[in-house]
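One structure below.
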Amino acid sequence: MDIVRPEAKAQAPVSPRRRRFLARGAVASLAAASGAAAADTPSLNVPPQVPQWMREPGAGFLTPPYGLPSPFEKHVLRKLPDQASAFPTATRTPLQNLFGTNTPNGLFFERHHAGVPAIDPAQHRLMLHGLVERPLLLTMKALMRFPAVSRSHFIECSGNSMAEFKAPGKGSVQDIHGLLSGAEWTGVRLADVLNEAGLLPSASWILAEGADAAAMTRSIPLAKALDDALLVYGQNGEMLRPEQGYPLRLLLPGFEGNMNIKWLRRLKVGDAPFQTREETAKYTDLMPDGTARQFTFQMGVKSVITAPSAKQVLDGHGFREISGLAWSGQGRITRVEVSVNGGRTWQMATLDGPVQPKALTRFRLPWIWSGEEAILQSRAIDEAGNVQPTRAALIKTDGQASVYHYNAIQSWQIAPNGEVSNVHV
């Protein structure tokens, strides 16, 4: 990992009051200097026009009864996969169109291996067996009697950003980094259910199995299961969507997405890893020397600027806010630094609170674009002291044969005409 060193030209944090003052001043100076901006500013001597929607009563209760976004937001969609792409069974979250840190359920990214099963929750069962004193077969009603907790966490596919190992992706931030979403999850502590079954002294691993046609299985360290693992049935205040594991999924905060088994039906406690297909032939990191690194469970510290970002066009120079997301599988984000000159100098960004462990964190930095070429970057640091690496540093340690766990600094180049593109620097 890179070590953060003081930069000669790094700027000290700016107080919120000072930021507001600078922002107002920047906007005012832009309006005075730009005829286009001045033309867009309403004249105080001309009353605002009354639009059509103010001249007649609006619609009543909208149908269907489950609310939908405004039709003017119909472009904000998950991106369906190209069947020739690396992930033809995944959809991607439009990170560039979202605010805050929680992803709406209808925009949460998908990844599945054998389609989405249609499960009747009344018939679904969770089996817990193996090295336990009392094997359990739980209905959803029985499981939901356990004490519930709600926590916010991200889920990221370990193959997110995989193309960046080779060459700069040509798509948007959604195309490149969209296998990432965050939500508030509600469920029960896996530790509580394990305690109900009673663990035998030799227990050290758990096999988690899904109820999809692929019978997805992964080995879970018992230490993680007893720490912060959840059996979740709720997402952002409602039951899980089918594509997110309805009616029950495993949530392992900070661990790679593939381990958060959806449609969870079975937990087998054992004394060693189960060496399933998804942790041997797949989801291992191929190293430069030809060996494979197994059990890279935690997702690394990472960040990405979502605005401005690739495929966007800045509509004129002047003040704007740089905004993005940061996250780490090892805890809270403690700092995000932003560069507008390709990493030569860095400024401290403001973090929106509350900053939660193993959850998405929104960062912001006020910026005045001069109209000249710029290269935007963000660099995240977590509470364990991990620093988001440069691409060169990541390639040096991991090589370019792997397709998993890419977390290098992302660079967005802004051309003088305002077009934003993905570059490697």
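Listed values, structure above:
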item: Unique match (being free of Cβ contacts under 8 Å to residues at least 12 places away in the same chain and touching a strand residue (DSSP E or B) at 6+ places or on another chain (Cβ under 9 Å)) among Ala122, Ala183, Ala142; result: Ala142
item: Residue tally, condition under 21 Å from Gln388 (Cα atoms), among the hydrophobic types (A, V, I, L, M, F, W, C) and over 24 Å from the mean Cα position of the chain (by Cα), over segment 287-326; result: 1
item: Subset of segment 85-125 (residues that are hydroxyl-bearing (Ser, Thr, Tyr) and assigned to a strand (DSSP E or B)); result: Thr91
item: Strands (runs of 3 or more DSSP E) fully within segment 128-239 counting 1 or more residues that are within 23 Å of Arg362 (Cβ to Cβ); result: 148-156, 180-189, 230-235
item: Selection count, segment 309-329, where residues are at pLDDT 95 or above, assigned to a loop (DSSP other than H, G, I, E, B) and surrounded by fewer than 24 Cβ atoms within 10 Å (Cβ to Cβ); result: 3
item: Index of the failed condition, Ala203 passing every other in (1) in contact with a Leu (Cβ under 7 Å, 6 or more places away or on another chain); (2) at positive phi; result: (2)
item: Of all residues making up segment 145-160, the number that are buried (at least 18 other Cβ atoms within 10 Å of the Cβ) and not aromatic (Phe, Trp, Tyr); result: 9
item: Segment 262-274: number of residues that are open to solvent by 60 Å² or more (accessible area, probe 1.4 Å) and in a strand (DSSP E or B); result: 2
item: Qualifying position, being modelled with pLDDT under 95, closer than 30 Å to Ser181 by Cβ and surrounded by fewer than 16 Cβ atoms within 10 Å (Cβ to Cβ), among Ser70, Ser43, Ser34; result: Ser70
item: Unique residue being touching a residue at least 40 places away in the same chain (Cβ under 8 Å), on the phi < 0 side of the Ramachandran plot, more than 19 Å from the chain's Cα centre (by Cα) and open to solvent by less than 50 Å² (accessible area, probe 1.4 Å) when the list is Ile409, Ile414; result: Ile414
item: Test: residue in segment 275-290 that is in contact with a Phe, Trp or Tyr (Cβ under 9 Å, 6 or more places away or on another chain), among the small types (Gly, Ala, Ser) and either crowded, with 17+ Cβ neighbours inside 10 Å or not in a strand (DSSP E or B) (or both); result: no
item: Subset tally (residues that are open to solvent by less than 50 Å² (accessible area, probe 1.4 Å), within 18 Å of Ile155 (Cα to Cα) and out of contact with any His (no Cβ under 6 Å at 6 or more places or on another chain)) for segment 349-382; result: 7
item: Residue list for segment 383-403, restricted to those being within 13 Å of Glu164 (Cα to Cα), assigned to a loop (DSSP other than H, G, I, E, B), out of contact with any helix residue (DSSP H, G or I) (no Cβ under 7 Å at 6 or more places or on another chain) and open to solvent by 30 Å² or more (accessible area, probe 1.4 Å); result: Thr390, Ala401
item: Any hit, segment 332-346, residues being part of a strand (DSSP E or B), open to solvent by 10 Å² or more (accessible area, probe 1.4 Å), among the β-branched types (Val, Ile, Thr) and more than 21 Å from Gly178 (Cα to Cα); result: yes
item: Residue list for segment 166-214, restricted to those being open to solvent by 10 Å² or more (accessible area, probe 1.4 Å), at pLDDT 95 or above and among the hydrophobic types (A, V, I, L, M, F, W, C); result: Ile176, Ala191, Leu199, Leu200, Ala203, Trp205, Leu207, Ala211
item: Test: residue in segment 224-234 that is in contact with a Ser or Thr (Cβ under 6 Å, 6 or more places away or on another chain) and open to solvent by less than 40 Å² (accessible area, probe 1.4 Å); result: yes
item: Pick from segment 291-302, criterion of a type in the set (S, T, N, Q) and in a loop (DSSP other than H, G, I, E, B), ranking: farthest from Ser219 (Cα to Cα); result: Thr291
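The values are calculated or read from the model by the stated rules, or taken from the named source; none is laboratory data. A quick note: this is a predicted structure, and the numbers were derived from the prediction, not measured. Positions of Cβ are backbone-derived with ideal geometry, glycine not excepted, and every protein chain shown enters the neighbour counts. All accessible areas refer to the heavy atoms of the entire protein, side chains included, with ligands and DNA or RNA removed. Shrake-Rupley method; radii C 1.70, N 1.55, O 1.52, S 1.80 Å.
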